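Below is one structure, written out as structure tokens; the observations come after it.
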């Protein structure tokens, strides 16, 4: 496939990729006129940052040639700072605490997170209070974290008869049920990283990165529900092991790289009869 054939075939695939995104945008009443300035800004930003010529300064004329956007618009867009969305505080701290809970001796049993006493009985013992103070470095109160996690549906309180309450992790990964900011953050990061990996694998002579899936059609509704349950259990066990290994390597081999490994499961009614 040569460079003249690639764009038209790529656009056909991009149409498929964009369809669920457009569906989401319309569901949130984001119209095309609202989206168009964002696309223009992205085209200019990506062209400027990712497609330089060694030893030459990026000019409005070249960026206009690359993007097809008028040179006057290019000049204006280069002067406007694109909005950068930071991760919500509950995501960055919450993800670290859940990772600690799932991988630190005493906090889990064979990879299964154990319910934690809400308050410490002795300094440094196994408890939710110690967890927050250890990971958060005492910069945030355990009660504030508990209230936020209860709001998001990440944990629940187990009432005790003759002892302190216990805190149980509801999700074996930090996936809030009710926090929109947190959900949007993960939505953006995970889909962006998946597209980066898929795009990398399209490049000629590139070392392929892991991207695999299992596809079957002609299944009953009961069958896909059973497969969903089976896949959820198996993938969570794998992610726990990856989390434990990543924490170990972060301590023993720190650096300036990041990684993101995830799983997904999709099911819908269709008319395809082929199985791959």
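The values are calculated or read from the model by the stated rules, or taken from the named source; none is laboratory data. The shown structure was predicted, so the numbers you read here are calculated from the model rather than taken from an experiment. All Cβ positions, glycine included, derive from the backbone under ideal geometry; neighbour counts span all protein chains shown.
Consider region 146-160. How many of its residues are surrounded by 13 or more Cβ atoms within 10 Å (Cβ to Cβ) and in a loop (DSSP other than H, G, I, E, B)?
Residues that pass the stated criteria total 2.
Filter region 12-50 down to the residues that are surrounded by fewer than 10 Cβ atoms within 10 Å (Cβ to Cβ) and under 26 Å from residue 61 (Cα atoms), then identify the one that is modelled with the lowest pLDDT.
33
Conditions: (1) outside any loop (DSSP other than H, G, I, E, B); (2) surrounded by 11 or more Cβ atoms within 10 Å (Cβ to Cβ); (3) modelled with pLDDT under 90. Residue 235 meets all but one. Number of the miss?
(3)
Residues that are outside any helix (DSSP H, G or I) and touching a residue at least 24 places away in the same chain (Cβ under 8 Å): does region 180-189 have at least one?
no
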